[in-house]
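Below: the structure, in structure tokens.
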Amino acid sequence: MGDRASRGPERAEEEGMTTPDIVPTADAVAPDGPPPLLVLDRVEAFLDEHGLGRGPLRAQRIGEGQSNVTFLITRGEDRFVLRRGPRPPLPPSTHDMMRESRLLQALAKTDVPVPEVLAVCPDTELLGVPFYVMEYLDGTVITDTLPAYLDNEADRRRISERLVDTLVAIHAVDYVAAGLGTFGRPDGYLRRQVARFAQLWDYNTKRAIPEVAKLAEWLEKNLPDSGPPALVHGDFRLGNLIYEPSSPARVQAVVDWEMATIGDPLADLGYLVATYGEEGYPSSPLELSPVTRGTGFLKRQELIARYAERSGRSVEALGWYQALALWKAAVFCEAIYTRWLNGERPDDTTFAPTLETGVPRLLELARRATTLD
């Protein structure tokens, strides 16, 4: 959602074109192929039911998500964004679009900028999974490169400053007042994270990598003491912010809230630092904002210091949280790699194949963040 400053849409499907992902009608589904992600006539009927645009629609996949799927829907002059999970079968308690839409509706009443949810479909009959439709925001999303109007040192610094300040704002939300008091269980959050992802590894993999269990054991034995609980985004990184097109000083929206919960906010900071590119640090599949290797952007330590100052939280144990982020990313990436091996990502010729070595690389970096020998 928003104009990408880097790779652009993963794929674009023209109106009426039959592809494995988008079909014009249910009758166009290949009997021996994977189920489509979008059936245009069903989406059109759903939008009509909710008064969202008029006439035939075009759909274009946008974003860089490797799990949930986001489409730009165009009807005449109107544009919307449809968000759904990947093709079933899905691991338990993942890709919950109904939960994500509920959170966005709650945050609309706070200082955290989010897109407006326009319609929600809990029915799995239409697309095979629940989905929701939200407003389209014509902003800038930054991952690999900068548009020319932002390509200067002053704006680079402002971009990274707003990144940190937005995270502080998320963690400052009075989640009880926002109606999210039952959205998560903060007690034991970190322990459950370790246990849950250790189980997901077994669900997601076809190979044996002993380092996964070693790191899980270290993380469990060295759990830090969590401070006051807060709303946790779960995937907070530069590429999940939409910046105002005319000014990097303003964030239009934070998106991709699927992993959000109530828990230890330093999990967000550890993940942000692990995804944040900086010259001199090794790259990995989790480096999701390589643009920040450029001059002008805050360095990792500056980012951490700004967060500590503005949030008032101790960041002494941040190495543990970075190890957690890298280890969890290895589990996520292994799921993608396994789906590719199973033939469920036939068009992915660039990312998934690299995970044969990319997952062990993530585990190596997680180990470096620990005190393991």
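The values are calculated or read from the model by the stated rules, or taken from the named source; none is laboratory data. Because the structure is a prediction, the values reported are computed rather than measured. Neighbour counts run over all protein chains shown; Cβ positions are idealised from the backbone, glycine included.
Side notes on the structure shown:
- One residue alone among Asp151, Asp165, Asp155 is surrounded by fewer than 21 Cβ atoms within 10 Å (Cβ to Cβ), touching a strand residue (DSSP E or B) at 6+ places or on another chain (Cβ under 9 Å) and closer than 30 Å to Arg293 by Cβ, and that residue is Asp165.
For (1) in a helix (DSSP H, G or I); (2) without any contact (Cβ under 8 Å) to a residue 12 or more places away in the chain; (3) in the same structural domain as Ala106 (by TED's automatic domain parsing); (4) buried (at least 21 other Cβ atoms within 10 Å of the Cβ), each residue gets a yes or a no:
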site: Asp202; (1), (2), (3), (4): yes, yes, no, no
site: Val212; (1), (2), (3), (4): yes, no, no, yes
site: Ala216; (1), (2), (3), (4): yes, no, no, no
site: Leu219; (1), (2), (3), (4): yes, no, no, yes
site: Ile242; (1), (2), (3), (4): no, no, no, yes
site: Ala253; (1), (2), (3), (4): no, no, no, yes
site: Val273; (1), (2), (3), (4): yes, no, no, yes
site: Glu279; (1), (2), (3), (4): no, no, no, no
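- The requirement of being surrounded by fewer than 20 Cβ atoms within 10 Å (Cβ to Cβ), among the polar types (S, T, N, Q) and under 22 Å from Arg367 (Cα atoms) is satisfied by Gln301.
- First in the range 309-323 and more than 18 Å from Arg368 (Cα to Cα) and among the charged types (D, E, K, R), second anywhere and at pLDDT 95 or above and in a helix (DSSP H, G or I), Cβ under 6 Å, 6 or more apart: Arg310/Val168
- Unique match (being farther than 24 Å from Glu364 by Cα, under 20 Å from the mean Cα position of the chain (by Cα) and at pLDDT below 95) among Glu258, Glu287: Glu258
- Selection status of Pro228, part of a loop (DSSP other than H, G, I, E, B), touching a Pro at 6+ places or on another chain (Cβ under 9 Å) and within 22 Å of Asp151 (Cα to Cα): no
- Picking from residues in the range 292-326 that are of a type in the set (Asp, Glu) and assigned to a helix (DSSP H, G or I), the one that is nearest to Pro224 (Cα to Cα) is Glu309.
- Filter result (out of contact with any Pro (no Cβ under 9 Å at 6 or more places or on another chain), modelled with pLDDT of 85 or more and part of a loop (DSSP other than H, G, I, E, B)) within the range 6-57: Pro24, Thr25, His50, Gly51, Leu52, Gly53, Arg54, Gly55, Pro56, Leu57
- Qualifying residues in the range 327-355 (those that are outside any helix (DSSP H, G or I) and touching a helix residue (DSSP H, G or I) at 6+ places or on another chain (Cβ under 7 Å)) - the one surrounded by the fewest Cβ atoms within 10 Å (Cβ to Cβ): Asp348
- Any hit, the range 72-86, residues being surrounded by fewer than 15 Cβ atoms within 10 Å (Cβ to Cβ), assigned to a loop (DSSP other than H, G, I, E, B) and modelled with pLDDT under 95: yes
- The range 106-127, residues that are touching a Gly at 6+ places or on another chain (Cβ under 9 Å) and not hydrophobic (A, V, I, L, M, F, W, C): Lys109
- In the set (1) farther than 18 Å from Arg237 by Cβ; (2) surrounded by 16 or more Cβ atoms within 10 Å (Cβ to Cβ), Thr295 fails one condition alone, (2).
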